[in-house]
1. How do A:174-184, A:124-134 rank on mean C-beta neighbours within 10 Å, highest first?
2. Let's test the formula: R0 of 51 Å, r as the Cβ-Cβ distance of B:Ala51 and A:Asp54. What FRET efficiency results, to the nearest 0.05?
3. Roughly how many percent of the accessible protein surface of chain B is carbon and sulfur, given a 1.4 Å probe and a whole-percent answer?
4. Between segment B:19-86 and segment A:298-316, how far is it from one alpha carbon centroid to the other, in angstrom?
5. Between segment A:220-265 and segment A:18-79, how many Å separate their Cα centres?
6. Quick one: among A:Lys234, A:Lys71, A:Lys302, which has the greatest mean-square fluctuation in a GNM of chain A with alpha-carbon springs under 10 angstrom?
7. How much FRET efficiency would the formula 1/(1 + (r/R0)^6) give for A:Ala250 and A:Glu293, where r is the Cβ-Cβ distance and R0 is 41 Å, rounded to 0.05?
8. Counting just the Cα atoms, what span does chain A cover along each of its three principal axes? Round to the nearest Å and put the largest first.
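The values are calculated or read from the model by the stated rules, or taken from the named source; none is laboratory data. Every value quoted in this text rests on a predicted model; they were computed, and no experiment measured them. Backbone-built Cβ (ideal geometry, glycine too); neighbour counts: all protein chains shown. Just the protein is used for accessible areas: all its heavy atoms, side chains included, with ligands, DNA and RNA removed. Shrake-Rupley method; radii C 1.70, N 1.55, O 1.52, S 1.80 Å.
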Amino acid sequence: MTDELSSRRLLIDDDSLALYRRSLAEQWGDGVPLIAPTESRVRELLSGSPLAADAVICKVAPRFGVATVEKIAVNAAMAGCDPAAFPLVIAAVEAMGAPEFNLFGLTTTTSSVFPMVIVNGPTRSRLEIDMASGCMGGAAGRGSMTIGRSVALCLRNIGGQSIDVTSKSVFGQPARTGLCFAEWEEASPWPSLAQQRGFSMDDEVVTVHGGTGTLPLADINNDDALDLLYLIAKSIAYPLTNKFLESTAANGQTVLAVNPAWADRFAAVFPDMPDLQSYLFEHAWQPIEVWPEASRRVLEAKGRVDATGRVWLNDRPDQIVVVVCGGRGNLHAVALPSWAESELQSRAAFRSG
Amino acid sequence: MIEILDPTVSFDEGDQAPTFSLTGGVSGKVVGLRLDHAWRSYHLVVDEWQALLEADGAKVRVVWPGERVGAEGERTRADLAEWSRLVDCGVVGLGN
């Protein structure tokens, strides 16, 4: 442990535009204006974590830079992260370092996939992590906007992820400047995502998901819970999802964000989450006839077609991960489709004192 | 002027194998081909590459990695580590 911060010092004009220009010129920015990561700001962030500045959290793919707490803090400072939210950023970086998250593949692929951050626990509101209307963009809570961005900047500056250099992503996606939202636990009829994954309600938990985008789902024609869930299951099993590119259905999760009104409606039929997941699983498939002949041959060769001609999205019900969030405007859900080569990871955050 | 902290890190190039120099050719070398079931282009080129390399005197060691995560993930990582140990140089991607 050391009190000294080891990062190289850079001198810039005391002008926000000068910082912005330099970040663009030296390619350590994300194209959006930044907060100057001064030593005092970085130290303020470090005070929120019980870990020493030189503690190593993990190596970050694709170039396997060493993620010390200090270096994470410098990037979080640039993102405007609240010191109280900093432990969540550390937890997210730690979660991404798990081998089963497959961060190297995720950061280098041609896919648009990017780590999406879901937060559970008692500090969600205080940290302004959006969970109600506009929680996936537009609500503008400081926690949501800066935690996700901190993680994205860490991938860029510690991991070395750079479009057309290490990343071959053809399109990318808006979430590549950061996507973070919370589960609206108080509005959920089921145990929280964190509880489902073995944590307590008092834990501050970050879950990272390799999501290929936000897939909007809407219905105004039908109020029946089973009908809606059937349609949701068919919609998330869309023919060109990455899940159908792999030789197994066993890997990856689809996160399904359900608004509180729909959650209540679904819970009236399925008060237990595993039963809801089983129902979705049972309908998340497509008949092989959906695909043209050339595609059918490949799916058959990969062993993805069962004896009845069905191509299943998943091998298990727990691969559909349901979280409750969004406004009370009803009618809508959002799926965060899986990249299929990355497993959801959750980590608890730890605070000073 | 203000002083800020550098957000970037120095990448540990020591974790990476040195680029294989083709000086002297591949004769007598073990050349690895790391392929991928997901990319049909590998299926198109692997036989050609293998024949050309063998014609130049190389011994070719092909590996088809399995799934990166899940039940197969650990085995895949072990297979790739072993393959890396056994080859003198390797083709690990198509640069697509």
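1. Values: A:174-184: 24.5, A:124-134: 20.1.
By packing density, highest mean first, the sequence is A:174-184, A:124-134.
2. Values: r = 52 Å, r/R0 = 1.03.
With R0 = 51 Å, the Cβ-Cβ based efficiency is 0.45.
3. 51
4. 28
5. Segment A:220-265 and segment A:18-79 have Cα centres separated by 37 Å.
6. Residue with maximal mean-square fluctuation among A:Lys234, A:Lys71, A:Lys302: A:Lys302.
7. With R0 = 41 Å, the Cβ-Cβ based efficiency is 0.95.
8. Each principal axis gives a Cα extent; for chain A these are 65, 44, 35 Å.
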